[in-house]
Each structure stands twice: as C-alpha cells, then as structure tokens.
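First the structure, in the form of structure tokens, and then the observations on it.
The values are calculated or read from the model by the stated rules, or taken from the named source; none is laboratory data. This one's a predicted model, so the numbers in the text were calculated from it and none came from an experiment. Neighbour counts are summed over all protein chains in view; Cβ atoms, including those assigned to glycine, are modelled from backbone coordinates with ideal geometry.
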Amino acid sequence: MITDIDLCCPTCHQPLEALHSDRSLRCLNAHHFHKESEVLVLLDAAFRQELAAFLIGFESLRQQEEKRLLDTAIYEFLPCAPQLQNNPEWRMRCYDLAIVTKLLAGRKAQNILEIGAWNGWLSNRLAKMGHHVIAIDYFTDAYDGLAAKKHYHMNWQAIQMDLTDLSVLSCQFDVIIVNRCLPFFANPVAYALAVKEKVTLDGLLLLTGLSFFQNPATKAASVAYNRAYLQTHGLDHFRPLKGYLDFTDKARLEAAKIQLRPYPQLWRANLKSWFKQSAPRYFYGVYPGDWTR
C-alpha cells in the first residue's frame, strides 16, 4: 500500500484510496497521484507545474553554489557528521537533535509529522528512535530534498505537497515538528496556530530554529536582498513569505500558550541580543509547555 495515513486530494479534497495495481492514489474524481523516487507527489496540477519551474532553476543554482550534499557516505551521520563539525548551520541542527531526543526520550512509538523535512536528516533520526514519520516539503532533489531518502538506512513516508494546505492530511499526529521553516510562511504565527490544530489532545508541537529580532530592519533587508538575488537568476518565491520573526511574533506565540525556550547552547548569543537589538535571540517552541524539558 502506497501510504498508511488518511490523505485527501489537493485538488478537490476528496479522500484518496490506494490502487495496489500501480502503486498510486486516486480520489473519487479520478485525480491520480504517484510516487517518484520514493516521494509521493501530492500536488494540484497547476501548482505542481509552477513549483517544478521554480525547482529546476533553484536546484541548478544550489549546484552552482555547491550547497547540495553530494557525499552520500555522511547522510547516515547527519546532522553531526564529523565532516560538517565546522559548519554553523549543521551545528545548529545538532542542537535541534539534542532537544528532540530529550523531549521524546522514553516515549513509545509516536506518529510524527515533520514539516520542512528537506533532505530527511531528522526523519531518519526519528525513525531510528522507533517512531512512525511522515516527512513533507516542497524540495525533492536527491541531494537537496526528500529524494535523499534513498541515502539512509531507515524508512519513512516522504510527501511533496503544498505546506500551506495541511487539510490534505486528514488526520492528527502525536508529534508535529516544524523544522526551521516557520519564518518562511507569509504569517508565521497564523501558520503555527493552524499546525497546532493537527496535534492530538495529549500530543506535542515543536517549533525549531526560532530567531527573534527586536529590531528586524537589518534582517528584513537581508531577506529582500536574497529575493533580489534569486530574481537575478530568473527565480522568485512561489509562495509569499515573511522571512524572519520579530518580537511581535514572539508575543503572539506566547499568547497562544506556545512556550518559548532558549537554546541552552546559544546563551552567549542570546546575551548579546540584550545589548544589540539587531542581533537575534534564539528559541525553540513547545506546546503544550508541560512536555518534558
């Protein structure tokens, strides 16, 4: 069976049923969806065409910038592979792994949704812990997206879908992890609240990689610069995004009972932000707040 979770058609939102004969999914209105490179492509036809046009150029740009992870031998050791110990982005992901491991320690197998799974490093780790994982993202490159799944030993369900339309997942999850991508939505707080509705009553919502700016002017300028850089390469964001989090977002998340906890490894950076307003303050978010610290 192609999937063991309840899915709806992204076009008409009718339930999908598995067709055992050709390993595909079909709704009552005869919309079909298939796996490609072990990734279920669950996209409306119009958006799929728009996204594909972006990804072709984006993957080429990432290749030019040497940002794709081509050494398949290190995938199983992500995020803390020795070859990446001096890479600050991967170091931050090691901090995330420590937090996830602590939060889930001692718990039986959980049904976990990872939003923004990228190349599957966290999905692989969660599967190693014995959890059942659904990994969703826009990116499907074999060295820079969900199709990198083939480089790992563990198995999980990978789905390419519109992350702004969680209604195609017609079930709730014990744990949902928004993996360092919350700022990349048009209204990050509204998105977090929508995700929270997909968590079971006694479940966990975890927001990783939250960097809040008291004065976001410099960061906003950086977001604008990056967008202009993409445009020079014929690319533009296929979904509107804010690109950063400010203290208003922080207050709104806290008002929604999402507990913001500082990264213990980044206490020096967080101390700096008290004296320099343009410096970020690093947190992760937990709901409900009584989950194990």
- Task: Scan the stretch 28-74 for residues that are under 24 Å from Pro15 (Cβ atoms), out of contact with any Asp or Glu (no Cβ under 8 Å at 6 or more places or on another chain) and not in a strand (DSSP E or B) and report the count.
- Result: 9
- Does Pro280 fit the bill of being touching a residue at least 40 places away in the same chain (Cβ under 8 Å), touching a Lys or Arg at 6+ places or on another chain (Cβ under 9 Å) and not charged (D, E, K, R)? yes
- Message: Six or more apart or on different chains, Cβ atoms under 6 Å: show the pairs whose first residue is in the stretch 204-231 and more than 30 Å from Ile112 (Cα to Cα) and whose second is crowded, with 21+ Cβ neighbours inside 10 Å and among the aromatic types (Phe, Trp, Tyr).
- Response: Lys219/Phe213
- Of all residues in the stretch 252-287, count the ones that are assigned to a helix (DSSP H, G or I) and either closer than 29 Å to Tyr138 by Cα or under 19 Å from the mean Cα position of the chain (by Cα) (or both). 3
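Those residues that are surrounded by 14 or more Cβ atoms within 10 Å (Cβ to Cβ) and part of a helix (DSSP H, G or I), I need them from the stretch 75-97; list them, please. Before you say what the answer is, go through the steps one by one.
At the first step, the residues of the stretch 75-97 found to be surrounded by 14 or more Cβ atoms within 10 Å (Cβ to Cβ) are 75-76, 78-81, 84, 90-97.
Selection gives Tyr75, Glu76, Leu84, Trp90, Arg91, Met92, Arg93, Cys94, Tyr95, Asp96, Leu97.
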- Positions within the stretch 232-246 being of a type in the set (A, V, I, L, M) and in contact (Cβ under 8 Å) with a residue 60 or more places away in the chain, in sequence order: Leu235, Leu245
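Would you check which residues across the stretch 178-201 are assigned to a strand (DSSP E or B), in contact (Cβ under 8 Å) with a residue 12 or more places away in the chain and farther than 23 Å from Cys9 by Cα and list them?
Listed by number, the list holds a single entry, Asn179.
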- Message: Test of understanding: among Thr164, Thr208, which residue is at pLDDT 95 or above, on the phi < 0 side of the Ramachandran plot and assigned to a loop (DSSP other than H, G, I, E, B)?
- Response: Thr164
